[in-house]
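Structure record follows, encoded as structure tokens.
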Amino acid sequence: MVARQEFLAGDAVDQGLVDPHANLSFVDPDTMNIADLDNGLPVALRSATLGQLNSAQIFHSFSTLNPGDANQALSGISANGRELLIGFENQAVTSGDNDYQDIVFSIRVNSDGLLVV
């Protein structure tokens, strides 16, 4: 099974290393075939227009794909239980600020019980 995941390329778009309109995929760095993220082996990020993107550190929501199996994403529920927050750290947790607020997604339920992203 091939899993989908969220990832964060620290400032890669701003540095011109990633085309925000490119078709991106995770590939096996040896074969360039679509990567199987379930096996925990290293993966490479590939752009259909720019080729393999390896000049910026890529952090994954799957800790086994990060250096030192580090958690680069944290999630939690608000005190009222109506909001899910997912925060990402954009630097290696061993040397970063560990604020997990570099990108934050909020999914909440409104008063009608409908999800709002």
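Which order do peptides 29-35, 66-72 fall in by mean Cβ count within 10 Å, highest first?
Result, highest mean first: 66-72, 29-35.
Tell me which residues come under 5 Å, amide H to amide H, from Leu53 once H is placed; ignore anything under 5 positions away on its chain.
Under 5 Å from the amide H of Leu53 lie the amide H atoms of Leu45, Arg46, Ser47, each far enough along the sequence or on another chain.
Can you sort Ser25, Ser75 from fewest to most other Cβ atoms within 10 Å of each residue's own Cβ?
Fewest to most other Cβ atoms nearby, the residues stand as Ser75, Ser25.
PRE reach from Asp97 (point 7 Å along Cα→Cβ): which of the range 28-72 fall under 14 Å by backbone N?
none
I'd like to know which of Asn98, Gly81, Ser111 lies farthest towards the positive end of the charge dipole of the range 73-116, counting +1 on Cβ of Lys and Arg and -1 on Cβ of Asp and Glu.
Ser111
If you find the alpha carbon centre of the range 24-49 and of the range 58-92, how far apart are they in angstrom?
When both Cα centres are located, 21 Å separates them.
The numbers here are math on the coordinates, done by the rules we state, and not lab data. The shown structure was predicted, so the numbers you read here are calculated from the model rather than taken from an experiment. Neighbour counts are summed over all protein chains in view; Cβ atoms, including those assigned to glycine, are modelled from backbone coordinates with ideal geometry.
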